[in-house]
Amino acid sequence: NNLTAADLRVLADDAHELRRRCWRARGADHPHTLAATVVLASVLRRIDGRKDEAVRLLEEAERRYQSALPNHPYVYACAAYLAVVRSQTSNGSPQQVAAQSVRVIQDMTGRLADSVGAAHPLSLTALSALANALARAGDFGAAVKHGQEVVAGFQDLLGPDHPHALAAEANAEVSQSALSSVARLQANLADIDFTPLPL
């Protein structure tokens, strides 16, 4: 990601204008307006000091999606994304916050798979978010497993050179490296004799 802070501010202004136009032309609950709201939030979450604003926008989008399109896949995708962004703004231990987001994302991933199928881009994106949340929570084994499913899914759907497939592959490699490091650490700890020495 080579975007500067200035680039992100320009993107945020453009996304805000798009949302404003959709709102005026189609109304607050129209799917185009809600999609523009999610896009704006996705830009704001990357700008220092504006993550809380992103959370508020996603909360609004989730409520409006649920009102306008009850139990639609967009509701589940928005809820999963909201859990991701909330985890980036929450206080507390990173593992505890990640564990909370895992529960929500896991639920939404299951609902997406049931509604549009596990191979749908929305399902794969949510599964990728789940793998990342599991890695942040320290469950590298599950993160690797889901990460590899995401890689295979995006490669089958979009081809191995698509940006989604490449990003998923990079995430899976990070989780695999972390899992290998944990395994090495555990093996080294197992070899240490903790028998108290005589005084």
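Observations
- Probe 1.4 Å, all protein chains present, accessible-area order of 16, 146, largest first: 16, 146
- Here the contact order of the stretch 1-142, divided by its residue count and restricted to Cα pairs under 8 Å and six or more residues apart, works out to 17 percent.
- Here is the tail figure for the stretch 32-164: Cα pairs spaced more than 18 Å apart come to 56 percent of all pairs.
- Total formal charge among the other residues, if their Cβ is under 15 angstrom from that of residue 156, Lys/Arg +1 and Asp/Glu -1: -3
- Diffusion coefficient (Stokes-Einstein, Kirkwood radius over C-alpha pairs, 10 °C, 1.306 mPa s) for the stretch 1-90: 121 µm²/s, rounded to a whole number.
- The alpha-carbon atoms of the stretch 88-128, seen along their principal axes, cover 35, 14, 12 angstrom, with the largest extent given first.
- Under 14 Å, Cβ to Cβ, from residue 53 - net charge with Lys/Arg +1 and Asp/Glu -1: +3
- The peptide list 105-113, 28-36, put in order of mean Cβ contacts within 10 Å with the highest first, becomes 105-113, 28-36.
- Highest mean packing first, where packing is the average number of other Cβ atoms within 10 Å per residue, the peptides 62-72, 81-91 line up as 81-91, 62-72.
- The stretch 95-189: radius of gyration over Cα atoms, expressed as a fraction of 2.2 N^0.38 Å: 1.10
- Subtracting the Cα-Cα distance of residue 158 and residue 71 from 0.36 nm times their residue separation leaves 28.7 nm of extension gain.
- Full-stretch length increase - residue 26, residue 4 - with 0.36 nm per residue and alpha-carbon distance subtracted: 4.7 nm
- The stretch 1-80 and the stretch 93-159 have their alpha-carbon centroids 21 Å apart.
- Backbone N atoms of the stretch 31-55 closer than 14 Å to the 7 Å Cα→Cβ label point of residue 89 belong to residues 38-55.
- Net charge dipole, the chain: roughly 740 debye, given to the nearest 20, about the Cα centre with Cβ charges of +1 for Lys and Arg and -1 for Asp and Glu.
- Positive dipole terminus of the chain, leading residue within 41, 99, 163 (C-beta point charges): 41
- Under 13 Å, Cβ to Cβ, from residue 14 - net charge with Lys/Arg +1 and Asp/Glu -1: +1
The values are calculated or read from the model by the stated rules, or taken from the named source; none is laboratory data. Computed from a prediction, not measured in an experiment: that's the story for all the values here. For neighbour counting, all protein chains shown are included, and Cβ atoms are generated from backbone atoms with ideal geometry for every residue, glycine included. The area values use the complete protein model at the heavy-atom level, side chains included, leaving out ligands, DNA and RNA. Shrake-Rupley method; radii C 1.70, N 1.55, O 1.52, S 1.80 Å.
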